[in-house]
Amino acid sequence: MKRLQERANTRPAGQGLIIETSVRIMVPFIQLYGLYVIVHGHYSPGGGFQGGVALGASFILLGLAFDLPTTLERMSERSNALLANAGVLIFTGVGAMCAILGGYLLDYSVLTAIIPMAAAEWRSLGIFLVEVGVGLAVMSIMVSLFWDIGSAGQMDEGL
Amino acid sequence: MIWQFDLLILALVVICAIATITVRDLLAATVIFGVYSFLMCLLWAEMGAVDVAFTEATVGAGVSTILFIAAIFRTTRRSKD
């Protein structure tokens, strides 16, 4: 609360306490919703891409209401790049693992050779793993797009 | 599918699309483009394509509008009209 009051005294005109507080309250729910969309992607509408965009939009909202260093406190550029590459690696790794084990690309049923489960269960789990990878990659790319377009790579004020 | 509802949303989509390319201000065009995206999202959802509607709402109306605004902030007004 004391930090909020200090910010209120030093912030430039045009940014409001109401916007910052409401964004501070909204962001966890947006992230929870993004996680829900990713995890329920194979049962219901949505999936890795939409959930990843929702997760990225929560960081973009933080960057809009505060400034870019505030988003950097939550997720540094280094960890953002790591998450993006980890997402692509999960996606291609699961796909290539299926191909290496003798099936087609992204044919999850052959993964029973690693962990013995029913083929139907592996198909469900495999699409879940792929969607986690897609979600991570999309979230990081959306956030870094906003960082780079919003500040021309300077990472100072943002919009 | 309710055809009256379809027709209403479609008319609004066409109006928004024409307004986006005719309005002179870039920021106003971006905001109208966001409205267009939300109306397209409604249209997809109404036609039963919930997945496409979801993508349109998150990407089309959410992130791409913000990226357009961020790009507009990098532009300068050269003419003094």
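Could you say whether any residue in the range A:117-132 is hydrophobic (A, V, I, L, M, F, W, C) and assigned to a loop (DSSP other than H, G, I, E, B)? It would help to see each step written out before you state the result.
First, the residues of the range A:117-132 that are hydrophobic (A, V, I, L, M, F, W, C): A:117-120, A:122, A:125, A:127-130, A:132.
Now drop any that are not assigned to a loop (DSSP other than H, G, I, E, B), which leaves A:117-118.
Among the residues of the range A:117-132, at least one is hydrophobic (A, V, I, L, M, F, W, C) and assigned to a loop (DSSP other than H, G, I, E, B), which makes the answer yes.
When only residues in the range B:1-18 that are in a helix (DSSP H, G or I) and more than 13 Å from the chain's Cα centre (by Cα) count, which is nearest to residue B:77 (Cα to Cα)?
Step one: list which residues in the range B:1-18 are in a helix (DSSP H, G or I), which gives B:3-18.
From what is left, the residues that are more than 13 Å from the chain's Cα centre (by Cα) are B:3-8, B:11.
Details: B:3: 44, B:4: 43, B:5: 41, B:6: 39, B:7: 39, B:8: 37, B:11: 33 Å.
Checking each candidate, the answer is B:11.
Table: residues versus (1) under 20 Å from the mean Cα position of the chain (by Cα); (2) surrounded by fewer than 19 Cβ atoms within 10 Å (Cβ to Cβ); (3) farther than 27 Å from residue A:33 by Cβ; (4) within 14 Å of chain B (Cβ to nearest Cβ).
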| position | (1), (2), (3), (4) |
| --- | --- |
| A:114 | no, yes, yes, no |
| A:120 | no, yes, yes, no |
| A:126 | yes, no, no, no |
| A:140 | yes, no, no, yes |
| A:144 | yes, yes, no, yes |
| A:149 | yes, yes, no, yes |
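Would you check which residues across the range A:42-55 are part of a helix (DSSP H, G or I) and more than 7 Å from chain B (Cβ to nearest Cβ) and list them?
Initial filter on the range A:42-55 (part of a helix (DSSP H, G or I)): A:48-55.
Selection gives A:48, A:51, A:52, A:55.
Looking only at the range B:46-59, which residues are more than 8 Å from chain A (Cβ to nearest Cβ), part of a helix (DSSP H, G or I), surrounded by fewer than 18 Cβ atoms within 10 Å (Cβ to Cβ) and not charged (D, E, K, R)?
Across the range B:46-59, the qualifying residue is only B:52.
Condition first: within 14 Å of chain A (Cβ to nearest Cβ) and either of a type outside the set (Val, Ile, Thr) or at negative phi (or both). Can you find one or more residues in the range B:16-27 that meet it? Steps first, answer last, please.
Applying the first criterion (within 14 Å of chain A (Cβ to nearest Cβ)) to the range B:16-27 yields B:27.
With either of a type outside the set (Val, Ile, Thr) or at negative phi (or both) added as a condition, the list becomes B:27.
Yes: the range B:16-27 contains one or more residues that are within 14 Å of chain A (Cβ to nearest Cβ) and either of a type outside the set (Val, Ile, Thr) or at negative phi (or both).
Does residue A:90 count as of a type in the set (Val, Ile, Thr), modelled with pLDDT of 90 or more and farther than 23 Å from residue A:152 by Cβ? Steps first, please.
Values: of a type in the set (Val, Ile, Thr): yes; modelled with pLDDT of 90 or more: yes; farther than 23 Å from residue A:152 by Cβ: yes.
Taking the combined requirement at face value, the residue satisfies it.
What tally of residues in the range A:133-159 results from selecting those that are outside any helix (DSSP H, G or I) and either touching a residue at least 60 places away in the same chain (Cβ under 8 Å) or closer than 29 Å to residue A:110 by Cα (or both)? Give the derivation first.
The initial filter retains those residues of the range A:133-159 that are outside any helix (DSSP H, G or I), namely A:152-159.
Still in the running and either touching a residue at least 60 places away in the same chain (Cβ under 8 Å) or closer than 29 Å to residue A:110 by Cα (or both): A:155-159.
Residues flagged as outside any helix (DSSP H, G or I) and either touching a residue at least 60 places away in the same chain (Cβ under 8 Å) or closer than 29 Å to residue A:110 by Cα (or both) within the range A:133-159 amount to 5.
Look through B:72, B:21, B:32 and report the one residue that is buried (at least 18 other Cβ atoms within 10 Å of the Cβ), in contact with a helix residue (DSSP H, G or I) (Cβ under 8 Å, 6 or more places away or on another chain) and part of a helix (DSSP H, G or I).
Details: B:72 fails: buried (at least 18 other Cβ atoms within 10 Å of the Cβ); B:21 fails: buried (at least 18 other Cβ atoms within 10 Å of the Cβ).
From the options B:72, B:21, B:32, the qualifying one is B:32.
What do you reckon, is residue A:111 modelled with pLDDT under 90 and part of a loop (DSSP other than H, G, I, E, B)? It would help to see each step written out before you state the result.
Working: modelled with pLDDT under 90: yes; part of a loop (DSSP other than H, G, I, E, B): no.
No; evaluated as a whole, the condition is false for this residue.
If you check A:88, A:53, A:94, A:37, which single one turns out to be in contact (Cβ under 8 Å) with a residue 40 or more places away in the chain, β-branched (Val, Ile, Thr) and within 13 Å of residue A:132 (Cβ to Cβ)?
Numbers: A:53 fails: within 13 Å of residue A:132 (Cβ to Cβ); A:94 fails: in contact (Cβ under 8 Å) with a residue 40 or more places away in the chain; A:37 fails: in contact (Cβ under 8 Å) with a residue 40 or more places away in the chain.
Within the list A:88, A:53, A:94, A:37, the selection yields A:88.
Does residue A:90 satisfy the condition of being within 14 Å of chain B (Cβ to nearest Cβ), β-branched (Val, Ile, Thr) and under 30 Å from residue A:120 (Cα atoms)? Reasoning before the result, please.
Working: within 14 Å of chain B (Cβ to nearest Cβ): no; β-branched (Val, Ile, Thr): yes; under 30 Å from residue A:120 (Cα atoms): yes.
It is false that residue A:90 is within 14 Å of chain B (Cβ to nearest Cβ), β-branched (Val, Ile, Thr) and under 30 Å from residue A:120 (Cα atoms).
The values are calculated or read from the model by the stated rules, or taken from the named source; none is laboratory data. Please read these numbers as outputs of a predicted model, since none were measured by experiment. Please note: Cβ atoms are built from the backbone with ideal geometry, for glycine as well, and neighbour counts cover all protein chains shown.
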